[in-house]
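Below is one structure, written out as structure tokens, with a few remarks after it.
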Amino acid sequence: METVKKPSLLESSVKDAGMGAFVTFALALVMVGMKVDVASGLGAELFIEYRWTAVAIAVVTVFVGRLLLNLFFWKPDNPLAVNLSGLMPSGDSATQIGKALKPVLLIIAIALPFALMFWLGARGSRQYIDLAILVTTYIMLGWGLNIVVGLAGLLDLGYVAFYAVGAYSYALLAEYFGFSFWICLPLAGILAAFWGIILGFPVLRLRGDYLAIVTLAFGEIIRIVLLNWYQFTGGPDGISGIPRPSFFGLEFKRGDGGFADFFGLDYSSIHRIIFLYYLILIMALVTNIVTMRLRRMPIGRAWEALREDEIACRSLGINTTNTKLTAFALGAMFGGFAGSFFATRQGFISPESFTFIESAVILAIVVLGGLGSQIGVVIASVVMIGGFEFFREFEEYRMLVFGMLMVFIMVWKPRGLVSTRAPSVTLSKDAKGISADLVQEGHG
Amino acid sequence: MTMTEPLLKVRGVETYYGKIIALKGVDLDVHEGEIVTLIGANGAGKSTLMMTVCGSPQARNGSIVYAGEDITTKPTYEIMRTGIAQSPEGRRIFPRMSVLENLMMGGMVAENKYFEDDLKRVFELFPRLKERQHQSGGTLSGGEQQMLAIARALMSRPRLLLLDEPSLGLAPIIVRQIFEAINELNKTDGLTVFLVEQNAYHALKLAHRGYVMVNGVITMTGTGKELLSREEVKAAYLEGGRH
Ligand SMILES: Nc1ncnc2c1ncn2[C@@H]1O[C@H](COP(=O)(O)OP(=O)(O)OP(=O)(O)O)[C@@H](O)[C@H]1O
Ligand SMILES: [Mg+2]
């Protein structure tokens, strides 16, 4: 019999939630509770605005949220969680939640613009749909980079280069040849993939730190070329007037022959925003589907094996050169697609949009999400990009919050938010996800 | 032994790591259907020879002929598609991938249609792997990992299996299991095995023929029994009752 008295679940959960709330309080006190502002009117004095309710809301949210998570999800020996998982098919609880989460997220993603329109109206929802577009773009970029970093294990710090190649490909093709978005999209992807291979060749022999440095340099080279090749790319002035995408040939414009006219709707600029949202959503989903498919195919398995042990791969007859190049090319291609979307959405691009920090953010999304986890990328993008926008009002603290968030997550979950890796094949039905807790660091 | 051309013929192979010479002209034959073992002290160059057969590193001088084909300068991934499979030193299984996925990686170069049969065969040989097919490779015990490394190599349907120290760090009972499996593969499936071992007693008992390597050269060769009874072998490799 158990002689050591274990603290009850409720007790430990409350304690834990209390700790969380305390940390939140400490952070929120300064970061949320006080806001320095410039007084309007004469003198332009600085004054501090106090917002204690916001602090209280943050603390209470964290406390309640953590308590609930503790009670129902994190403690395996607790009856309620067991009951709950009894309702679901057997298996690892993390994969379970992931499985249940996916369709829910998908439905939310599909319904989002309409729900927002319904609640906030066309005017009010615009900024949120814009934000959703941004988040989804990063999800797509995260998924693309996940092939290179998460699956193939090739640390790429210059991923933004392919994003830039995609964006500039579209912008330049449209400018010089007048091609439409739908023709340019595949071309941009191919061009980016081509650049992925060009980058891939010299770095084939490199791994880890060395690879990271070279990819970083590559990212900068692309940006600097774009910046300095004034006659061709417009240099720092960028390219403007990039054509907007059409809906199967229907332009989003006022008057005859436009999208609204064709469908008998009243013209509204929100149509194009919603269209862009669905466009990027579909592009991102395609990225995901392709990746998931490939993961179950020999090439995908070879990527993962390459990440684990390159020498073993070679001794199994795998052509590691080709395996790496396909990972680079595919990752780059999706980056290129996302780039052309970016160009068509903005209507204006300049090298400023493709700095190293973009690479860092995309990489952070992949790492925070848990290398190789597709759903992790979604969660990390929503949290990070959404969080970025949320903290927009304290511009100067954004990086601080961003950095702290990363440190927090990495301490709390060293292998990222979703560290369970579902095997790509199972023969029987009782297969379980491989929890990161069971996996030792390094090679076994 | 036989007059036929050996399946693997190593002649005058010299391998360098940079400027350092690791193999100083090695001659070695492995005939079809044989178990041949290579024993030698740490750092003698055993693993180097095995890796040279696989083309990484490549021999600077000499030749390696497999099944009548010169493979000396072929890239590794091509050599491993000609019917040679390897369980490398240190096992090198894929730790975050499941046992089943590890086995699928082994079967990448084989035709797909054989997969089910081959899987059944290796599970028969190592029932422990069947029980643990969904566990990640990294969480297997040392013995199970070794079984997996061998099973993974078998999935490519090799004609010649190269094993580098399969008994390293394993309990005697597991060593016996592994050696029995090797014997079984050789007897029943007619698999040719080239076995690098520190565990000289077991290896020489199992093998048809053996080679002794010292400092990058072969110093002795003979049948397993002959070598076991040689005083020099006893003194150098069978001391201290290792068996
Ligand atoms: N990658 C390498 N670079 C430089 N030298 C190496 C390398 N690998 C092996 N060597 C050297 O080559 C020699 C032979 O090494 P090898 O690994 O073949 O020995 P071994 O007989 O397999 O020994 P053990 O029984 O300890 O595995 C050693 O002196 C070793 O230090
Ligand atoms: Mg060795």
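Please treat every number below as a calculation from the coordinates, not as lab data. Model, not experiment: these values are computed from the prediction. Cβ coordinates were reconstructed from backbone atoms using ideal geometry, including for glycine residues, and neighbour counts include every protein chain displayed.
From Cα pairs below 8 angstrom and at least 6 apart in sequence, can you work out the relative contact order of chain B, rounded to a whole percent?
26 percent
Return the loop-located chymotrypsin sites (Phe, Trp or Tyr not before Pro) in the stretch A:199-236 (DSSP other than H, G, I, E, B) with at most 15 other Cβ atoms within 10 Å of their own Cβ; answer none if there are none.
In loop regions of the stretch A:199-236 (DSSP not H, G, I, E or B), the sparsely surrounded chymotrypsin sites (Phe, Trp or Tyr not before Pro) are A:Trp229.
Rounded to the nearest 500 deg cm²/dmol, what is the calculated helix-only ellipticity per residue at 222 nm for chain B, with -39500 (n - 2.57) per DSSP H run of length n ≥ 4?
Helices in chain B give a 222 nm mean residue ellipticity of -10000 deg cm²/dmol.
What number comes out for the charge environment of A:Ala161, summing +1 per Lys or Arg and -1 per Asp or Glu over other residues with Cβ under 13 Å away?
My count for the surroundings of A:Ala161 gives -2.
Relative contact order of the stretch A:103-435: what whole-number percent is it, with Cα pairs under 8 angstrom and at least 6 residues apart?
30 percent
Go through the stretch B:6-18 residue by residue and turn each phi into a ³J(HN,Hα) via Karplus (6.51, -1.76, 1.60, θ = phi - 60°); whole Hz please, and just put x for glycine and proline.
Computed from phi, the couplings for the stretch B:6-18 are x, 5, 10, 10, 9, 10, x, 6, 10, 10, 10, 10, x Hz.
Report the net charge of residues surrounding A:Leu285, where surrounding means a beta-carbon distance below 15 angstrom and charges are Lys +1, Arg +1, Asp -1, Glu -1.
Local charge sum for A:Leu285: +2.
Could you compute the FRET efficiency for A:Tyr278 and A:Arg205, with r as their C-beta to C-beta distance and R0 at 41 Å, rounded to 0.05? Mind showing how you got there, number by number?
Numbers: r = 43 Å, r/R0 = 1.04.
That gives a FRET efficiency of 0.45.
Please list 3J(HN,Hα) in residue order for the stretch A:220-231, calculated via the Karplus relation 6.51 cos²θ - 1.76 cosθ + 1.60 where θ = phi - 60°; whole Hz, with x for glycine and proline.
My calculation for the stretch A:220-231 gives 5, 4, 4, 5, 6, 4, 4, 6, 9, 8, 4, 4 Hz in order.
Counting other C-beta atoms within 10 Å, and keeping those with at most 14, which DSSP coil trypsin sites (Lys or Arg not before Pro) do you find in the stretch A:263-362? Walk me through the numbers on the way to the answer.
On the way: sites: A:Arg272, A:Arg293, A:Arg295, A:Arg296, A:Arg301, A:Arg307, A:Arg314, A:Lys324, A:Arg345; in loops: A:Arg296.
Those satisfying the criteria are A:Arg296.
Starting from the amide H of B:Val214, placed 1.01 Å from N in the peptide plane, find each other amide H under 5 Å away whose residue is 5 or more places distant or on another chain.
Close amide H contacts, sequence-distant or interchain: B:Thr219.
Only bridges with both residues in the protein assembly as shown count here: give the DSSP antiparallel percent, nearest 5.
Of all bridge pairs located within the protein assembly as shown, approximately 60 percent are antiparallel.
Taking the Cβ of B:Glu124 as the centre, find all other residues whose Cβ is under 10 Å away and add up their charges (Lys, Arg: +1; Asp, Glu: -1). It would help to have the intermediate numbers written out before the result.
Details: positive: B:Lys120, B:Arg121, B:Lys130; negative: B:Glu184.
Taking every other residue near B:Glu124 into account, the sum is +2.
Over chain B, with a Gaussian network built from C-alpha contacts below 10 Å, which listed residue (B:Ser136, B:Ser98, B:Ser229) shows the highest mean-square fluctuation?
Of B:Ser136, B:Ser98, B:Ser229, the most mobile in the Gaussian network model is B:Ser229.
Looking only at other chains, what is the average number of their beta-carbon atoms within 10 angstrom of each beta-carbon in B:72-85?
On the way: counts 0, 0, 0, 4, 9, 11, 2, 3, 7, 4, 1, 0, 2, 3.
The per-residue average across the peptide is 3.
Quick one: what are the phi-derived ³J(HN,Hα) couplings along the stretch B:117-124, Karplus 6.51/-1.76/1.60 with θ = phi - 60°, whole Hz, x for glycine and proline?
Here the 3J(HN,Hα) series is 4, 5, 4, 4, 4, 6, 5, 5 Hz.
Across the residues of A:304-310, average count of Cβ atoms on other protein chains within 10 Å?
6
Could you work out, residue by residue across B:135-146, how many beta carbons of other chains sit within 10 Å of that residue's beta carbon, and then give the average as an integer?
Across the residues of B:135-146, the mean count of other-chain Cβ atoms within 10 Å is 3.
Placing +1 on the Cβ of each Lys and Arg and -1 on the Cβ of each Asp and Glu in the protein assembly as shown, which of B:Ser167, A:Ala217, B:Gly55 has its Cα farthest towards the positive end of the resulting dipole?
So the residue furthest toward the plus end is B:Ser167.
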